[in-house]
1. Assuming 0.36 nm per residue, please report the length gained on full extension of the stretch ASP110 to TRP80 beyond their Cα-Cα distance.
2. What is the local net charge at ALA46, summed over the other residues whose Cβ is closer than 13 Å to its Cβ (Lys, Arg +1; Asp, Glu -1)?
3. From a point 7 Å beyond the Cα of LEU45 in the direction of its Cβ, which residues of the stretch 76-102 have a backbone N at a distance under 20 Å?
4. Taking 0.36 nm per intervening residue step and subtracting the Cα-Cα distance, what contour gain separates GLN66 from ALA103 on full extension?
Amino acid sequence: MPPARRLSHLPGALRPPREELAEATAHGQVYLRRLQRAQLGLSVLALIAFGALFGVLPLVLYLLPQIGRTHVFGIPLSLWILAVPMLPVFFVIGWLYARRADALDESFRDLVQR
């Protein structure tokens, strides 16, 4: 048995995260909980960003009724404001979310493969 392998079975010896996760130890649970918290935080941030951007639009349209009376190409400006930016903002928030989620998964994978 190689020296590193022998040392990992001694009480109090440092073990790689992969072993901690595979054996469902308390340390392995800490690794998983950190990943889950990071993922939850990312999801909440994306939800807040989306909610802030689109939750404020009805309020703005209510407070500025002249926007609803203005027409562009025969369609009220308020509909343009609600409909047109929605798809690009959905796309950008989703793209940023996916990039960050992939980065979190990759860092966890790197930690586990040590």
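Just so you know, all these numbers are worked out from the coordinates, no wet-lab data involved. Note that the structure is predicted; figures quoted are calculated from it, not measured. Cβ sites come from the backbone with ideal geometry, for glycine too, and all protein chains shown count toward neighbours.
1. Full extension of this stretch gives 6.3 nm more.
2. So the environment of ALA46 carries a net charge of +2.
3. Label zone hits: 89-102.
4. Net length gain for the segment: 8.9 nm.
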